[in-house]
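Only one structure is covered here, and it is reproduced in the block below.
The values are calculated or read from the model by the stated rules, or taken from the named source; none is laboratory data. These figures come from a predicted structure and were not determined experimentally. Cβ sites come from the backbone with ideal geometry, for glycine too, and all protein chains shown count toward neighbours.
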Amino acid sequence: MARSDTATFDTGSPARGRGWQLFWGVLLIVAGVLALLMPAVAALATALVFGWLLLFSGVFEIVYAFQTRHLDGFGWRLASGILTLVLGVAIVFLPVAGIASLALLVGAFLFAAGIARTGLALRLRPRKGWGWVLFDGLLSIAVAILVAIGWPASSIGLVGFLTGFTLVFNGLWRLFAWR
């Protein structure tokens, strides 16, 4: 039995807010293209945003640690907050070192993910498509090795271009996902 007093609109519809989605997508693409044209500026901006996020996160962790000092683990919560705060301050005041650190983290992630995907591919063999997983894993390992070989000299370009490509592709999916 249907009720006539209930709303009949779908709040989860992709069409709802489509204008803002398009606007945000275009803005992300423009920012991404600018980042690709100026990778050093993009890398600096990325490192500074990351540094400030860590700094504020550290402050909040320290405040939380003191608010819950009567619970077990106070020292660990406080130490975690202090380390996060110190890392954030270091990146904000030494952003080039922060960029180099981000590049090294990206390389380490690519290497670990490449190892995991290669192992997954070997586990999936002979299923259909296992070669693509293997290709992805080996390519990730190769890119990680290139990052390591070029580090720290290539850090600014790497972080800047990754930021730019990420912004462009995030903008593109917002434009085309619900067409």
Next on the checklist: Could you check region 55-88 and list, in sequence order, the residues that are in a helix (DSSP H, G or I) and among the charged types (D, E, K, R)?
Outcome noted: GLU61, ARG77
Item to check | Residue pairs meeting the criteria (Cβ under 6 Å; at least 6 apart or on separate chains; first within 11 Å of ALA79 (Cα to Cα) and in contact (Cβ under 8 Å) with a residue 24 or more places away in the chain, in region 55-69; second surrounded by 13 or more Cβ atoms within 10 Å (Cβ to Cβ) and small (Gly, Ala, Ser)) | outcome: GLY58/GLY81; GLY58/GLY88; GLU61/SER80; GLU61/GLY81
Next on the checklist: Could you go through region 107-115 and let me know if any residue there is within 15 Å of THR163 (Cα to Cα) and modelled with pLDDT under 95.
Outcome noted: yes
Next on the checklist: Go through region 136-179 and report how many residues are surrounded by fewer than 18 Cβ atoms within 10 Å (Cβ to Cβ) and among the hydroxyl-bearing types (Ser, Thr, Tyr).
Outcome noted: 2
Next on the checklist: With the requirement that a residue be basic (Lys, Arg) and surrounded by 13 or more Cβ atoms within 10 Å (Cβ to Cβ), what does region 108-135 give you?
Outcome noted: ARG117
Checklist entry - Regarding VAL30, is this residue among the aliphatic types (A, V, I, L, M) and either closer than 24 Å to TRP173 by Cα or in contact with a His (Cβ under 6 Å, 6 or more places away or on another chain) (or both)? => result yes
Next on the checklist: Condition (residue is loosely packed, with under 14 Cβ neighbours inside 10 Å, within 23 Å of LEU158 (Cβ to Cβ) and modelled with pLDDT of 95 or more) applied to region 63-78: is it met by at least one residue?
Outcome noted: no
Next on the checklist: So the check is Cβ under 8 Å with 6+ separation or different chains; which pairs have a first residue in region 127-150 that's closer than 12 Å to ALA108 by Cβ and at pLDDT 90 or above and a second one that's among the charged types (D, E, K, R) and part of a helix (DSSP H, G or I)?
Outcome noted: SER140/ARG117
Item to check | Unique residue being of a type outside the set (Ser, Thr, Tyr) and over 21 Å from the mean Cα position of the chain (by Cα) when the list is VAL49, VAL59 | outcome: VAL59
